[in-house]
Each structure stands twice: as structure tokens, then as C-alpha cells.
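Please treat every number below as a calculation from the coordinates, not as lab data. Being a predicted model, the structure only gives us computed values, none of them experimental. Ideal geometry is used to build each Cβ from the backbone, glycine not excepted, and the neighbour counts take in all protein chains shown.
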Amino acid sequence: MKKKVLALTAVMVLGVFSAAAANDNVTFSKPVRLLKPNVQSSFEKDFEWNDVDYSVKEKNNQLIFEFNDNKFREKHDIKGYHVTGAEIGDLNGDNYPEIFVYLKADEMGNQMKLIGYSSNNGKSMSQVYLPQPDEVADAAAYQGFRGFDEMSIVENNFCRRFPVIENKDGALYMNGMMRQIQYKLVDGEACRRLEIDRYYEYPIMMEK
């Protein structure tokens, strides 16, 4: 599978690094400037899949999922978070969609949150579960994780990527690498869940 490499601009990287420094006393080789998160007050996006309409809305600290002419409607309290994006894809190859919404805490430095739904043969929707970093079986996958992550669907796979932070002699350092974790969607006992398929690292690229 072709890797999707994340190219970060210098300003974006410095903003992420400075947020880490403010929260975790991270050491850097040169000064950085602090950037505040760009908090959206509202979000709305519509999707269509096999002639069925799906809708995602953020309103009054609530995230609202709707599909099939509002016959399915779910609400989530997202106070303290804001939506950064939403995507649709077929992650388990059943020809029905998954809809993933990505949220970030309003405070700087906090990790991303996923609220996702999977279609049950186009008749209903069930929520998808993403295990927390301390719940995964392969602890090495999240070694060096301290937030500042991004989420996306890449070639019908869910991916999470973050800068790797190392602890050396009591100080925290960005080691210049980005780790990308690729998940697969599987059927669980109570609901569908995302499980780690593979992960790899690549250098953080900074534009000159």
C-alpha cells in the first residue's frame, strides 16, 4: 500500500512543538512560537453513499448523526471539544459506509477523539469503538505518544499519526519522526471496533 506522507509546514510544526513545551517541558534546539488552536464554533457536512444521504452536524455542544431522511438520529455531548473534520469510507469492504468524525479538545496539547458509525447493511448505524492508547495489545505502537495527533481515512484504512516524543534524562525531546498507525475494522462482540494492523515511522518533513 502506498504510504501517505504528512508534510508539515514550519509554522505548523513549531506550533505543535511549542504546545508540547508549554505542557510537558519539552526541550528544543531552537526557539519556537506558541500558536493557539483554531476552534470552530460549528460544523456541518453531508455525504451520499448508494443514493442514501448522511449528515453530520455540530450544534450547541452536540454532535448529531442523521441518515435515511432522519429515520436514524444520534446525539453526542461534545462539550470541551470541537470538530476538525469528517470522512466517509468503506473500511470493512461490505459496500456500506463508515462515517468518522474527528474532534480535538479546546485546550492545547490534548489528543484527538474519534466518534464513528458503521452502517448495518444500510438499515441502521452502530457506533465504532477505538481503543485508548493504553488499551492496545502492542504497547510499542504508542510508545512516545503525547498527543498532537491527527486522524484520517487513507485508502479505506483508518490511520492515526503523531510526532514521537522521547524521554532522555528526565527531559522530553521530539526525535524528528512521525509514527503512523494503521487500523482495520473488525466485528466485535458488542460492536465493530478498530484494531491495529501495522505501524511505521517516517521523518517529519518541513517546507523551506
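Structure notes:
- Ranked by the mean number of other Cβ atoms within 10 Å of their residues, highest first, the peptides 188-195, 99-106 come out as 99-106, 188-195.
- Segment 63-124 versus segment 158-208: alpha-carbon centroid distance in Å: 21
- Taking 18 Å as the straight-line reach from the Cα of LYS71, the aspartates and glutamates in range (excluding those fewer than 8 positions away in the same chain) are ASP46, GLU48, ASP51, ASP53, GLU98.
- Efficiency of FRET from Cβ geometry, SER55 and ASN167, R₀ 41 Å, rounded to 0.05: 0.40
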